[in-house]
Amino acid sequence: MIINTNTAANKGSRLLAESTTRLQKSLTRLTSGSKINSPEDDAAGLAVATKMDSQLGRISAVQNNLASATSFSQTQDGYLAKVSKALDRMSELATLALDNTKVTADKTNYQTEFLELQKYISDIGQKDF
């Protein structure tokens with residue numbers, strides 16, 4: 001008599017395959033550090049996690065934009081401080097040039113410096129960030 005099936009062996013083989021599959025899934029979770037590695041693990045959880053990842057990406061982009069805006073404002077502030085100093089000096093030169101005790105050479109030097117400061121301010125206005 002020939003027995004074509006061994007029920008105990010088939011059951012053992014099926015249980016071994018299931019155990020191997022579960023072990024593989026557990027090892028995948030352990031190595032990735034994530035509970036959800038495929039949609040079959042938790043489809044709704046994966047959707048929520050994907051949505052949160054997208055939101056984190058947008059937040060990161062906003063942070064980069066804010067950092068750029070801050071840098072731009074600081075650069076503008078630096079340029080405005082330089083213009084303010086130049087304008088203060090120009091005011092001082094204009095006052096010095098009105099002094100009747102100054103000779104023509106002094107007034108010419110004041111005028112030259114005044115024109116240089118004007119050019120400097122004009123050049124700052126042409127700068128790009």
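So that you can scan it fast, the table gives a plain yes or no per residue for (1) over 21 Å from the mean Cα position of the chain (by Cα); (2) at pLDDT below 95:
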| site | (1), (2) |
| --- | --- |
| 38 | yes, yes |
| 41 | yes, yes |
| 44 | yes, yes |
| 62 | no, no |
| 66 | no, no |
| 72 | no, yes |
| 80 | yes, yes |
| 88 | yes, no |
| 93 | yes, yes |
Selection from the range 13-72 of residues that are surrounded by 11 or more Cβ atoms within 10 Å (Cβ to Cβ), part of a helix (DSSP H, G or I) and among the β-branched types (Val, Ile, Thr): 28, 48, 50
Residue count for the range 88-98, restricted to those that are exposed (fewer than 12 other Cβ atoms within 10 Å of the Cβ) and closer than 15 Å to residue 115 by Cβ: 1
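With the structure loaded, tell me whether residue 46 is free of Cβ contacts under 8 Å to residues at least 24 places away in the same chain and touching a Pro at 6+ places or on another chain (Cβ under 8 Å) or whether it fails that test.
On the way: free of Cβ contacts under 8 Å to residues at least 24 places away in the same chain: yes; touching a Pro at 6+ places or on another chain (Cβ under 8 Å): yes.
Taking the combined requirement at face value, the residue satisfies it.
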Options 101, 112; residue that is of a type in the set (S, T, N, Q), in a helix (DSSP H, G or I) and either under 43 Å from the mean Cα position of the chain (by Cα) or surrounded by fewer than 13 Cβ atoms within 10 Å (Cβ to Cβ) (or both): 112
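The values are calculated or read from the model by the stated rules, or taken from the named source; none is laboratory data. Small disclaimer: the values here were computed from a predicted structure and weren't measured. Here the Cβ is made from the backbone with ideal geometry for all residues, glycine too, and neighbour counts use every protein chain on show.
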